[in-house]
Each structure stands twice: as C-alpha cells, then as structure tokens.
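Undergrad: One structure, as structure tokens, below. Some questions next.
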C-alpha cells in the first residue's frame with residue numbers, strides 16, 4: 001500500500017490579540033481573532049505500509065528549519081501513528097514559504113496540516129475530538145489550524161469558536177528581517193500596561209470591514225516595537241499606503257495592512273525600493289482552498 005498527496009499549509013494573522021493575564025502554569029489567558037491567509041507552506045506526504053514506524057522528513061526553502069525529530073511536523077506525524085496504531089513509513093517533504101519566527105504561525109500550521117493530511121490519506125480514521133488532543137499536545141495554537149477558517153480563540157489559545165460572515169479583504173504583509181520569539185515577547189510583556197479589554201468585541205463586529213479596522217489591537221505589539229525599531233518603521237510605512245488599518249501579527253515582527261481591494265503593484269514596488277524584501281499579498285484562506293495542489 002502506498003498513498004500520497006500534496007497539501008497547502010496556510011499562515012495566519014491576529015486581527016485582535018488581548019492578553020488577559022498569566023496563569024499559574026506559566027501560560028497566558030488571551031482572546032484573539034485569528035484568520036488563516038493565502039500565504040502557504042506546502043507538504044508532500046507519502047504513506048507506505050512498512051511493517052514498522054519510520055518518518056523521513058526533508059525541508060526546502062529555509063535552512064534554519066530542522067528536518068529531525070524536533071520539527072513539529074515530525075512530532076505530529078509520530079503522534080498520529082501512535083494514536084492510530086499504524087506501523088507505516090511516512091515520507092514528508094516540507095516546502096517553506098512562510099517566514100519563521102515571524103508571528104505568522106508557520107510551524108503550528110505545518111503540524112496541523114500534517115495531521116489533516118495523514119487523516120485524509122488514510123481514510124479519516126480520527127474524528128475531531130481525537131485529532132484535537134493530538135494538536136493541543138503540540139502547541140496551544142495548533143488546534144486553530146485544524147479548522148482552517150477564521151476563529152475567535154480564548155483560554156491559552158485552545159478554546160476555539162469559528163467566526164462566520166467575515167467580509168472580503170486584502171492584506172499586505174511585510175516581514176522585517178528580524179526574528180521574534182513568542183516566549184520572549186510574553187516574558188517582556190507588562191500586563192499592567194496592556195490595553196483595556198474592549199467589551200464590544202463579538203462576532204457581529206467582524207462582519208464589516210470598518211468594524212474590523214476599528215478594533216485592531218495587539219498587546220504584544222509595544223514589546224516588539226520597543227525592541228526592534230525596524231518593525232515600528234514598517235508599521236508607519238504601511239500607514240502611508242492607504243491601508244484601512246495596520247497592525248503587527250502575534251509576537252511579530254510581521255506587520256500587515258488591510259485593504260478593501262487588492263493593493264496595487266506600485267505599492268509593493270515602493271516598499272521593496274525602501275529595502276523591505278519580504279512582502280506578500282494575501283486574502284483570507286477558505287476551507288475550499290485546502291486539498292491536493294500541483295507540485
């Protein structure tokens with residue numbers, strides 16, 4: 001038996017991120033609106049009935065990403081094989097396009113995609129309530145990527161409610177050439193200085209573009225901007241492009257602008273001319289975008 005497929009793994013943006021407090025276990029309670037976007041990594045997955053468990057992983061496009069058992073894709077694959085009792089050889093090629101340590105969730109998305117891909121290839125042996133704990137064991141934000149749609153997340157990021165009827169919009173994502181550790185950002189967050197919780201944050205607010213742009217906030221933004229002036233420079237630059245709203249995603253350093261229509265190529269070229277090479281146009285990723293892709 002040999003089965004295989006190619007699968008897209010989308011990045012994410014945090015359109016709203018409020019840190020509510022630190023828990024006794026070291027995690028932080030938060031509330032965030034997370035949207036998957038059309039910036040992708042790609043996974044090639046092949047499963048062979050081998051009589052024993054073996055995982056071969058190779059990575060293209062980013063030499064900093066390990067291709068060993070420390071990679072979340074490797075961990076996700078082993079977790080899936082153990083949960084299903086399968087003794088298969090799984091070969092995975094990971095083509096990286098999402099910048100790492102950039103606040104875009106690439107590693108977590110890849111792990112979730114590996115779980116979804118194996119489940120699909122093997123005929124869906126696991127249902128949601130069985131996939132969820134596997135994803136949760138890999139990281140608090142991995143379960144969000146299983147749903148592959150806009151979500152309001154609470155708790156430590158593991159309580160998920162899907163958000164429907166979001167308006168169409170475009171994003172221009174600029175990634176400064178620095179890496180920011182999520183753990184570092186939370187460690188330097190002064191909770192007494194975070195923005196107050198906005199009571200009208202609810203799903204109804206997010207059905208109109210003006211409502212979304214009026215509620216953009218990120219408690220981690222000040223931490224990263226203070227440590228990395230280039231991130232602040234990117235944010236100011238995006239404000240000058242005519243974006244309806246500008247915000248840093250996650251712990252950064254990625255900064256995005258929101259546009260009602262596709263940003264003109266001249267805007268992208270102007271940004272590149274100013275020395276920022278990592279620029280992406282994107283839209284909200286929809287579930288129908290997921291599946292087999294041409295390699």
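The values are calculated or read from the model by the stated rules, or taken from the named source; none is laboratory data. The shown structure was predicted, so the numbers you read here are calculated from the model rather than taken from an experiment. In this analysis, Cβ positions are derived from the backbone assuming ideal geometry, glycine residues included, and neighbour counts consider all displayed protein chains.
Here is a yes/no grid of residues against (1) farther than 25 Å from residue 162 by Cβ; (2) in contact (Cβ under 8 Å) with a residue 60 or more places away in the chain; (3) exposed (fewer than 14 other Cβ atoms within 10 Å of the Cβ):
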| position | (1), (2), (3) |
| --- | --- |
| 2 | yes, no, yes |
| 6 | yes, yes, no |
| 14 | no, yes, no |
| 34 | no, yes, no |
| 45 | yes, yes, no |
| 54 | yes, no, yes |
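Undergrad: Show me the strands (runs of 3 or more DSSP E) entirely contained within region 139-178 in which 1 or more residues are at pLDDT below 90. Let's see the steps before the verdict.
TA: Values: elements: 151-154, 159-162, 170-174.
Here the list reads 151-154, 159-162.
Undergrad: Of all helices (runs of 4 or more DSSP H) completely enclosed by region 195-287, which ones contain at least 3 residues that are more than 25 Å from residue 168 (Cα to Cα) and at pLDDT 90 or above?
TA: Numbers: elements: 209-214, 221-227, 229-239, 265-273.
The qualifying helices (runs of 4 or more DSSP H) are 221-227, 229-239.
Undergrad: Going through region 100-122 one residue at a time, which ones are within 17 Å of residue 184 (Cβ to Cβ), in contact with a helix residue (DSSP H, G or I) (Cβ under 9 Å, 6 or more places away or on another chain) and not in a helix (DSSP H, G or I)?
TA: The answer is 100, 101, 103, 105.
Undergrad: So is residue 139 closer than 24 Å to residue 16 by Cα and out of contact with any helix residue (DSSP H, G or I) (no Cβ under 6 Å at 6 or more places or on another chain) or not?
TA: Numbers: closer than 24 Å to residue 16 by Cα: yes; out of contact with any helix residue (DSSP H, G or I) (no Cβ under 6 Å at 6 or more places or on another chain): no.
No, not satisfied.
Undergrad: Looking at (1) surrounded by fewer than 23 Cβ atoms within 10 Å (Cβ to Cβ); (2) part of a strand (DSSP E or B); (3) modelled with pLDDT of 95 or more, which one does residue 39 not meet, given that it meets all the others?
TA: Tallying (1) surrounded by fewer than 23 Cβ atoms within 10 Å (Cβ to Cβ); (2) part of a strand (DSSP E or B); (3) modelled with pLDDT of 95 or more, residue 39 fails exactly one: (1).
Here is a yes/no grid of residues against (1) free of Cβ contacts under 8 Å to residues at least 40 places away in the same chain; (2) more than 15 Å from residue 4 (Cβ to Cβ); (3) surrounded by fewer than 24 Cβ atoms within 10 Å (Cβ to Cβ):
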position	(1), (2), (3)
69	yes, yes, yes
94	no, no, no
97	no, yes, yes
119	yes, no, yes
124	yes, yes, yes
